[in-house]
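Presented below is the structure to which this report refers.
Throughout, read-outs are computed from the coordinates displayed, never taken from laboratory work. Owing to the predicted nature of the structure, the values given are computational and were not obtained by experimental measurement. No Cβ is skipped: glycine too gets one built from the backbone with ideal geometry, and neighbour counts run over all protein chains shown.
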Amino acid sequence: MIAIQLTNTRAWLEAHQRLVLAAAAITAIAYPFVVKPYILSLGIEVLIFAIFAMSLDLLLGYTGLPSFGHAAFFGLGAYIVAYMTSRNELALGLTDNLLLALPVVLLATALVAVVVGFFALRTSGIYFLMITLAFAQMLFSIAIRWSSVTGGSDGLTGVPRPALGLGGFTYAFESRESFYFLVLGLFLTVWLLLRRIVSSPFGMTLRGIRENEQRMRALGYNTFRYKTAAFALAGMFASVSGLLLAQYFWHAAPQNLYWAMSGQVLIMLVVGGTGTLTGPILGAALMRLLPNFASTYTDRWQTLLGLVLIMFVLFAPKGIVGVLRGGRKQP
Amino acid sequence: MSLLQVAGISKQFGGLAALTNVSLQVQPGERRAIIGPNGAGKTTLFNVITGELSPNGGMVHFDNRDITALPVHTRANLGLGHTFQRNNLFFGLTVLENVRLAVQHHRGIARQLFRAAVTFEAVTAEAVGLLEEVGLAADKEQIVSTLAYGQQRALEVALALATEPQALLLDEPTAGMSPAETKDMVQLIDALPPSLTVLIVEHDMDVVFTLADRITVLHHGQVVSEGMPGQVRADPTVQEIYLGAESLAA
Amino acid sequence: MDTLIIQFLNGLVFSMLLFVMAAGLSLIFGQMNVINLAHGSFYMLGGYVGLSTVRLLDSFWLALMIAPLAVGALGVAIEYLLLRRLYGTHRHLDQVLFTFGLALIAADLIRWNWGAYVVSVPAPPLLQGQVPFFGIQFPLYRLSLIGFGLIIAMLLWIFIERTRIGAIVRAGVSDARMVSGLGINIQLVFAGVFALGTALAALAGVIGAPVHSLYPGLDFEILILTLVVVVVGGLGTLKGAFFGSLVIGMADTFGKAFLPEFALFIIFAVMAMVLLLRPSGLFGLKAS
């Protein structure tokens, strides 16, 4: 019954694509002006974590590399932008300009990804999972102990909202509403970029590696290089979301690097559905809204989170997207 | 000048000597078959040549190059294509997607990030062409896991052919096939261009004697006979191996 | 010189704790190809159950028996009712995520029941105090922990290498399907191995509690180090667990003592080195 209703809904949506897009655009633009500040805040968080989850999907869903340390890149984005721009006495306070900070963050993250990948990508499956978890914890421990640079367990405060400056013209995204539009813009950019990437020959290569790496090598692919590229790309997209979170809360914290953050984004991906780009977006929405909702009723929201994860793993392993598709072939 | 040459290859697994001092040379354009009873070391030798296994001793030369230390993907790019004994395909993807993966690498566009793969029409055209050669063009949109066994085996060959190899190594291409499927596979291999060098590991004697120009016989990890089909068939050592042990004729 | 001896002994203490943990984790992985991310939770749970037993029954020795049994039983229940549904070659990630969900639930429920503050656990009266040892004074409890760890290592070795059940477990590490094909009830073996691994973790938690106290976050701290141990030592063998835990235990202890800012970094550097040179660990059986 539900399957038929879903199919009908899907068909209607596909037939009226322009209408749907227009409605979505209007909702997105009007959103910050019609909802309560708290709901706007949630919206911003959901968008930021959607970017984070989509980046992990590139790695896990498309390349088949189960990373349990993706928070490392998230935290790197947060800490690097914080160190570059914060007015805290520990940091450099160089610039507010996103056009300067963003490339630095991306480059530094890519570098770290290549170095970590050099070791980690020699393994696969469970080993890869353990090693990425360990590397992320290493970054966490550096953040905690290197207090003179990272602010120790307090992290780096005083991270300013970004500005876009070109020539003499600057625009600062100070207010929550304007920051929302910055996040929305970056979210759409990342989403469109990822859509391109996954349907490109490179994206097909990654899928081939996921399906059968041995066969790819027999066809002449240097799979280690492709995996490194995927690892670096995924890391860079994740660092964008970390950068945005640090700027939103004016603070880069060790929690951004903690295993729990890697676990959270992994849960978002599993619950939403891997191997698609809609899955991580849905998962991010659900996993940001659920604790907020649940914590008003109970302190045991972490138990609830664990239960939700277990329920999905046992009964809906392909996530929400899998349930909605009802067994259709995934792209 | 031989295209493919192995010299003094030995391989041990723990205490077991799988290959001992194996040498052979394959000329360009030759159809060579490697036969021997179960456990003779045929697949081990195959894997040493393709690079899936490293030998404990000896050398592998291909196209005047020492490839002994080279990884699998480098050997493939030098022109050494191979299939697998058990179907080793991209089971979750369609038949066309399988071959496109092979073709896109060979055409050097696998690194493209920003154009959709389907827009590379030359790749698709070449892939479809290959599928027509092996008789799978009609099934190109099928998911590989839904194909019949014999069709999957044909796809194995198509994937290896897509890389336009100089030498094609086939590991028991007719394994597990019905007589009809075997006949199709033999026709396929027979129709391969004469310039392509083919090395087949096989159990099925009828297939071997139909296709091979020369045959190498392995037993207990060593070469015990080599020559043209008539010679090998008449060789008393070979007869003893096959009549003394259980018969392997199809 | 005295400091060196003290740190060396502390390193041995920590190595023994890690060994018991790594043995359990390695056993479960070797047998069932499951990485149990709740392993650290079972360690912590064992410690807290031990604490409650001591509080209620005033006996550390009873805690040593009750905690592993209770937690082991919980492990069996989880394996039988839930984990079993996830066996199958392509479901490794699902298994890991399942155990991660367990870890989240366990951490939360433990914090709910026992509180979020650091709780110190006293050593049994018999083993309190310090003793002279090669010119220094060293806590008796820690010395006995080293001895206890070595005894467990020996018992495990005898069990795995010298008994029929151990042979079945070892065979299962190589090829679970084959063992099943021999007519042995593989499901029972899985349940048993999971119970043993879990009980070992709880046991380690009980004996470790007097050394480092109990606090939220302990579960993942010990889990991460255990994972590094099995990566370094290799999955699937007792030898790997033993030598891996020696390496990591010593590196961690000496690191924290002499280079506290870089202790964890050193450990991960060791792991990275091993990965480069021997990707399946020093004594590993299972290739990745």
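Table for the structure above
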quantity: Label point distance in nm, C:LEU56-B:LYS183, each placed 7 Å from Cα along Cα→Cβ; calculated: 7.7 nm
quantity: P(r), alpha carbons of region B:90-164 - 10 Å bins starting at zero, rounded %; calculated: 21, 55, 22, 2
quantity: DSSP H segments from chain A that extend 15 Å or more along their own axis, Cα-based, with Kyte-Doolittle mean of 0.5 or above; calculated: A:17-34, A:37-57, A:71-85, A:98-120, A:125-145, A:176-199, A:223-248, A:259-272, A:278-294, A:301-315
quantity: Share, in percent, of DSSP beta bridges within the protein assembly as shown that are antiparallel, nearest 5; calculated: 65 percent
quantity: Sequence of A:VAL104, B:VAL60 once ranked by neighbouring C-beta atoms within 10 Å, starting from the fewest; calculated: A:VAL104, B:VAL60
quantity: Highest average packing first - A:126-134, C:54-62, A:250-258, Cβ atoms within 10 Å; calculated: A:126-134, A:250-258, C:54-62
quantity: Sequence ranges A:184-192, B:16-24, B:189-197, A:154-162, ranked by mean other-Cβ count within 10 angstrom, highest first; calculated: A:154-162, B:16-24, A:184-192, B:189-197
quantity: CD proxy at 222 nm, helix term only [per DSSP H run n ≥ 4: -39500 (n - 2.57); per residue of chain C; nearest 500]; calculated: -25500 deg cm²/dmol
quantity: Helix-derived mean residue ellipticity, 222 nm - over chain A, DSSP H n ≥ 4, -39500 (n - 2.57), to 500; calculated: -24000 deg cm²/dmol
quantity: Only Lys, Arg (+1) and Asp, Glu (-1) charged, at Cβ; region A:19-258 dipole about Cα centre in debye; calculated: 660 debye
quantity: P(r) histogram, all alpha-carbon pairs of region C:2-277 included - 5 Å bins from 0, percent; calculated: 1, 6, 12, 17, 19, 17, 13, 8, 4, 2, 1, 0
quantity: Calculated P(r) of region A:1-155 - Cα pairs past 21 Å, %; calculated: 64 percent
quantity: Shielding of A:264-270 by partner chains, average beta-carbon count, 10 Å; calculated: 2
quantity: C-alpha center-to-center spacing [region C:214-288, region A:268-295] in angstrom; calculated: 33 Å
quantity: Exposure proxy order (Cβ contacts within 10 Å, fewest to most) of A:SER295, A:SER199; calculated: A:SER295, A:SER199
quantity: Kirkwood Rh and Cα Rg combined as Rg over Rh, evaluated for the protein assembly as shown; calculated: 1.00
quantity: Charge dipole (chain A, unit charges on Cβ, about Cα centre) - positive-most of A:PRO32, A:SER241, A:LEU6; calculated: A:LEU6
quantity: Helical segments meeting 27 Å axial Cα length and Kyte-Doolittle -0.5 threshold in chain C (DSSP H); calculated: C:2-32, C:60-81, C:92-114, C:140-162, C:186-212, C:238-258
quantity: Student exercise, chain C dipole from Lys, Arg, Asp, Glu Cβ charges, in Debye to nearest 20; calculated: 640 debye
quantity: Average projected area [Cα convex hull, region A:272-328], square nanometres; calculated: 3.9 nm²
quantity: Inter-chain Cβ neighbour average for residues C:267-274, partner chain, 10 Å; calculated: 4
quantity: Sorted by Cβ density within 10 Å, fewest first, the residues B:ARG153, A:ARG145, B:ARG115; calculated: B:ARG115, A:ARG145, B:ARG153
quantity: Cβ charges +1 (Lys, Arg) and -1 (Asp, Glu), total dipole of region A:171-300, debye; calculated: 520 debye
quantity: Average beta carbon contacts from partner chains per residue of A:137-148, 10 Å cutoff; calculated: 4
quantity: Given A:LYS318/B:LYS11; A:LYS318/B:LYS183; A:LYS318/B:LYS140, the pairs whose alpha carbons are separated by over 32 Å; calculated: A:LYS318/B:LYS11; A:LYS318/B:LYS183
